[in-house]
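The values are calculated or read from the model by the stated rules, or taken from the named source; none is laboratory data. Source: prediction; values computed, not measured. When we count neighbours, we look across all protein chains shown, and the Cβ atoms used for this are built from the backbone with ideal geometry, even at glycine. Note: accessible area is taken over every heavy atom of the protein model, side chains too, but ligands, DNA and RNA are not part of it. Shrake-Rupley method; radii C 1.70, N 1.55, O 1.52, S 1.80 Å.
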Amino acid sequence: MKDGKLNMAQFFYCKFCGVKNSSISGLTSGSCSRHTLGPNKGKHALYEGSEKAQYTCKYCGTKSSSISALSSSSCNRHPAGSNKGKHEPAL
Ligand SMILES: [Zn+2]
Ligand SMILES: [Zn+2]
């Protein structure tokens, strides 16, 4: 049981583009090409949910096997307007 934590590789994901990093500070230091304000208008933002086998868009329910695949297409129920933004994973 000892040293169990060493076997748990943990990554942090951006909720906008799905890029992953081994630290939150490393993740949020880079500009995000799929930021809600526009490409590279902001930094990567931490996805606060857990790693999943499948991610669901919190606006429209579209499902995808990764955050990057989910956020690659426009969401027709995005709060900024139809197709004005990308799908965003529910937590
Ligand atoms: Zn990002
Ligand atoms: Zn959506």
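For K43, the amide hydrogen comes within under 5 Å of the amide hydrogens of C32, counting only partners 5 or more places away or on other chains and with H modelled in the peptide plane. Normalised per residue, the accessible area of the chain is 64 Å², obtained with a 1.4 Å probe and no contribution from ligands, DNA or RNA. Charge tally around F11: other residues with Cβ under 10 Å, Lys/Arg +1 each, Asp/Glu -1 each, net 0.
Maximal additional length on extending the E51-N76 stretch stands at 6.5 nm, based on 0.36 nm per residue less the C-alpha distance. Here the chain exposes an accessible surface that is 50 percent carbon and sulfur, computed with a 1.4 Å probe and the other protein chains kept in place. Determine the sum of side-chain charges near L27: Lys and Arg each +1, Asp and Glu each -1, restricted to other residues whose C-beta is under 11 angstrom from that of L27. Cβ neighbours under 11 Å give a net charge of +3.
Spatially close Lys pairs in the chain, defined by Cα atoms under 17 Å apart and a spacing of eight or more places or different chains, total 16. Remark: spin-label model distance T62-T28 equals 2.7 nm, labels positioned 7 Å along the Cα→Cβ axis. The tail of the calculated P(r) for the range 8-91, taken as Cα-Cα distances beyond 20 Å, holds 27 percent of the pairs.
Could you pull out the chymotrypsin sites (Phe, Trp or Tyr not before Pro) across the range 27-91 that fall in loop regions by DSSP (anything but H, G, I, E, B) with no more than 13 other Cβ atoms inside 10 Å?
Values: sites: Y47, Y55, Y59; in loops: Y47, Y59.
Passing both the DSSP loop test and the Cβ count: no residue.
Only DSSP H runs of four or more residues enter the estimate; each adds -39500 (n - 2.57), and after division by the residues of the chain the mean residue ellipticity at 222 nm equals -1000 deg cm²/dmol.
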